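Take a look at the structure set out below.
The values are calculated or read from the model by the stated rules, or taken from the named source; none is laboratory data. Keep in mind it's a predicted model, so treat the numbers as computed, not measured. Note that each Cβ is placed from the backbone with ideal geometry, even for glycine, and that neighbours are counted across all protein chains shown. Heavy atoms of the whole protein, side chains included, go into the accessibility calculation; ligands, DNA and RNA do not. Shrake-Rupley method; radii C 1.70, N 1.55, O 1.52, S 1.80 Å.
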Amino acid sequence: VSRQLKEEIRRGFARLEDPLAGLLAMLESSSDWKGKGHSLGYCITMELQLWIKGHPAVPQSGTKLKKLQAGVLGMLSQCPTNLLDPLISIYQLHTADRNYLLEHVSHLYLQGNYKEAAILSIKLKLQPDQDVEKMCTPLLLQDKANLVEDYVAEYPELQRKLLQTLDTWCDPSFNIRDITRPYQGLSRYKPEKFNRRVLSKLVFRLLERFNVDPALCPNVINQRHLRTLNYLFYKRFVEKTMTEENWGDHIQSTAGEIRWLQGHLVQLLLRHCDARGAARWARHCQVPPEMLPQAVAEELQKLHIQDRVEEVTKADNYESSKKKDYYQLPIPRDNIHFLQTWEETLQCWEKVLQPGQVVGVDMEWKPSFGIVGKPRVALLQLALKDEVFLLDLPRLLEQAEAEGEKEKLPHFIQMLYSDAAITKLGYGMSGDLSSLVATCSALKDMEKQMQGVVDLLAVDKQVDGLSTEHNHEETGVRQLEKGLSLLVQHVLGKPLDKREQLSNWEKRPLREEQILYAASDAFCLLEIYERLCKDPESFGLGSDLTEILVGKQSKKPRAKKQLNKQEAPSPSGQECQGPRTEPSRPPAPISPQQFSVVCDNMLQGLGHYLRCLGVDVRLLDNEDDHRKAAEIARQEGRVILTSGLPYQTLRSQVGEGRCFSVNCSEKAKEQALQVLKHFNVQVSLSDIFSRCQ
């Protein structure tokens, strides 16, 4: 706004006997202020707000003010957001009669103006006197979850009530149509955004944002536990990528003493084991005998100690026979040190903090399987050329706090990461660092000070012949190698044994398998780095490897590893496409108009995003069977976008390369980028919104 116009507006206020009434009259007789942007009405309103501050005698009171407030209230529902606060301030609406304000908002609600009613309630702080379920239900049906979050943001009691309501809706026996029925004619109603899956995600987001005890939402938590059980059985019996002992720890802690989950556990055991195996694991998980089918109960009575010893020995022999197929630590077991005292840790520091030192750094934490909260690091691994130190962080932090020296550990870690003379090797380091910050908040600014850091995740895209799928037919290991394991296999000849990756790293004492896995994860980084530095050309890298890898990286690659550990991604993995004859040659570039896909029903957000970019997208409905995607793909020549277990089924029903597995833990934008890159879809400015009405 020009200075001349501002001065003219202020002179106008000075000439008016009642500037507040004058502004109201102007707004009532004009409509330019209703649009977005800085209209003349907006400029005049903002100038009056500033002018009033310099003229404290101007604000009205009594009956006259009440009339003005009544007039303004009638206009607020039509106001753009940027005018609400100035008008509320100018007409002192916070001082208006509360019942009158509530009645006005209720009138807006009954007219079907749910969004406007909620925004005005937030601005006037009316929420404590309203029914949170009644106010938020239509907003959720219109996919306005962000507004719902804002509505309860400042009121812990309302947060709890909302979460309890959402959890009730997520009960499998609850008929969700009882909620939607009264709102059938609702404008902008999005039924596909109102189902247990979406509501469950919202519950977890709210629990984390407002730091509420998850015990408040037993239905959602138990459903997540059930998905975790299914995932653990997939890892053990289909992928075969978890050791028996590790798997046993997790199923026991996941099912706990909840009878409903124990019932599902028994069903899963019967599906994957014989009656004897089911009985053995039912006893391990302390499932009450009365919950077991007769055949399993009979086997349970027959089990003796000797039987258990034989079973475990047999399993151990099988596990050890497989070890030769994987990367083996080249240092003696005595050179792996598990540190639980500060005296030992100080000796470790003296060796690590040496100029010219090269250190392999890795971290482990207990997998959360999607439960609320950021993971806290349970083990920090530091590998030197001939020994590995495993630091028990929870124990060391506890000791330091007891001694009044909380800064001891963050001080060491900051010294290590900020020293340019020490080379730190990692893989997906930004994921590790964010977990480290969650464990030790004093490290929150450390990433800005990092020097001498080498993230080997950067090699993934540059090493020649590094394919996301590898079949080890000669050795009999048939599994999808990815991430660090694939890099280790390509550079050092054998993959990492990742069966302990999803262990309970907080449980003490650590098992021997966990100790060896943790040491291998850190030490292999040293061997990879040494091999790449010696002969970069044979791996398709430039001769100056330092230029590619070393230095303070302002843009850290997203950590694949954090997804593996923390979120336990879909069993098929992020990049499990069908085998390609020429993995190193990308497909020919195509435009979005030439690219047609069908999105499985768990990827509706991705589908909408791709459609905005001009891609021809068909979406499965929530009630559709996953197999419908294959039917549509065959009939219409579309590529299937799916995730998790359905990928394994669908890929066999369409042609090679016509089914793609998306990482469900990513947001829609990251998923879309992944799809576009894989299929070499080139988006131009004219494609954006080209398919949108």
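Tabulated values for the structure
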item	result
Pair list, Cβ under 6 Å, 6 or more apart: the range 327-351 residue surrounded by 15 or more Cβ atoms within 10 Å (Cβ to Cβ), other residue of a type in the set (Ser, Thr, Tyr)	329/520; 339/345
Hits in the range 486-514 (condition: part of a helix (DSSP H, G or I) and open to solvent by less than 20 Å² (accessible area, probe 1.4 Å))	486, 487, 488, 489, 491, 514
Only listed residue being basic (Lys, Arg), more than 23 Å from the chain's Cα centre (by Cα) and not assigned by the TED database to the domain that holds residue 666, chosen from 196, 181	181
Index of the failed condition, residue 600 passing every other in (1) on the phi < 0 side of the Ramachandran plot; (2) over 22 Å from the mean Cα position of the chain (by Cα)	(2)
Set 634, 638: member being in contact with a Lys or Arg (Cβ under 8 Å, 6 or more places away or on another chain) and at pLDDT 85 or above	638
Helices (runs of 4 or more DSSP H) completely within the range 318-437 that count 2 or more residues being out of contact with any Ser or Thr (no Cβ under 8 Å at 6 or more places or on another chain) and either closer than 30 Å to residue 223 by Cα or of a type in the set (Gly, Ala, Ser) (or both)	393-402
Selected residue (criterion: farthest from the chain's Cα centre (by Cα)) from residues of the range 152-163 that are crowded, with 18+ Cβ neighbours inside 10 Å and closer than 18 Å to residue 102 by Cα	158
Selection from the range 65-122 of residues that are open to solvent by 20 Å² or more (accessible area, probe 1.4 Å), over 18 Å from residue 151 (Cβ atoms) and touching a Phe, Trp or Tyr at 6+ places or on another chain (Cβ under 7 Å)	82
Residues of the range 128-156 classified as closer than 19 Å to residue 205 by Cβ and either of a type in the set (D, E, K, R) or part of a helix (DSSP H, G or I) (or both), total	20
Qualifying residue in the range 618-635 (condition: in a strand (DSSP E or B), in contact with a helix residue (DSSP H, G or I) (Cβ under 7 Å, 6 or more places away or on another chain) and either open to solvent by 60 Å² or more (accessible area, probe 1.4 Å) or outside the structural domain of residue 235 (by the TED database) (or both))	yes
The range 627-657 - residue that is more than 20 Å from residue 587 (Cα to Cα) and hydrophobic (A, V, I, L, M, F, W, C) and, of those, nearest to the chain's Cα centre (by Cα)	645
Residue within the range 516-530 that is modelled with pLDDT of 90 or more, in a helix (DSSP H, G or I) and open to solvent by 70 Å² or more (accessible area, probe 1.4 Å) present	yes
Near pairs, Cβ below 6 angstrom, 6+ apart or cross-chain, from the range 183-196 (within 17 Å of residue 606 (Cβ to Cβ) and open to solvent by less than 60 Å² (accessible area, probe 1.4 Å)) to any residue that is in a loop (DSSP other than H, G, I, E, B) and at pLDDT 80 or above	193/143
Test: residue in the range 143-158 that is touching a residue at least 12 places away in the same chain (Cβ under 8 Å) and among the polar types (S, T, N, Q)	no
Index of the failed condition, residue 186 passing every other in (1) over 28 Å from residue 646 (Cβ atoms); (2) outside any helix (DSSP H, G or I); (3) out of contact with any helix residue (DSSP H, G or I) (no Cβ under 8 Å at 6 or more places or on another chain)	(3)
Scan of the range 164-180 for residues that are closer than 16 Å to residue 135 by Cα and either open to solvent by 70 Å² or more (accessible area, probe 1.4 Å) or basic (Lys, Arg) (or both), ordered by number	164
Test: residue in the range 613-629 that is of a type in the set (Gly, Ala, Ser) and modelled with pLDDT of 85 or more	yes
Failed criterion for residue 212 (all others in (1) outside any loop (DSSP other than H, G, I, E, B); (2) buried (at least 16 other Cβ atoms within 10 Å of the Cβ) hold)	(1)
Filter result for residue 149 (assigned by the TED database to the domain that holds residue 103, closer than 30 Å to residue 261 by Cβ and open to solvent by 70 Å² or more (accessible area, probe 1.4 Å))	no
Hits in the range 359-400 (condition: buried (at least 22 other Cβ atoms within 10 Å of the Cβ), closer than 15 Å to residue 331 by Cα and without any contact (Cβ under 8 Å) to a residue 60 or more places away in the chain)	389
Top-ranked residue in the range 676-687 [being touching a helix residue (DSSP H, G or I) at 6+ places or on another chain (Cβ under 7 Å) and of a type in the set (A, V, I, L, M, F, W, C); ranked as most open to solvent (accessible area, probe 1.4 Å)]	683
Any hit, the range 661-671, residues being among the hydrophobic types (A, V, I, L, M, F, W, C), under 20 Å from residue 227 (Cα atoms) and either touching a residue at least 12 places away in the same chain (Cβ under 8 Å) or crowded, with 19+ Cβ neighbours inside 10 Å (or both)	yes
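Per-residue answers, yes or no, for (1) farther than 22 Å from residue 539 by Cβ; (2) surrounded by 19 or more Cβ atoms within 10 Å (Cβ to Cβ); (3) among the hydroxyl-bearing types (Ser, Thr, Tyr); (4) modelled with pLDDT of 85 or more:
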| residue | (1), (2), (3), (4) |
| --- | --- |
| 436 | yes, yes, no, yes |
| 447 | yes, yes, no, no |
| 451 | yes, no, no, yes |
| 454 | no, yes, no, yes |
| 459 | no, yes, no, no |
| 462 | no, no, no, no |
| 467 | no, no, yes, no |
| 471 | no, no, no, no |
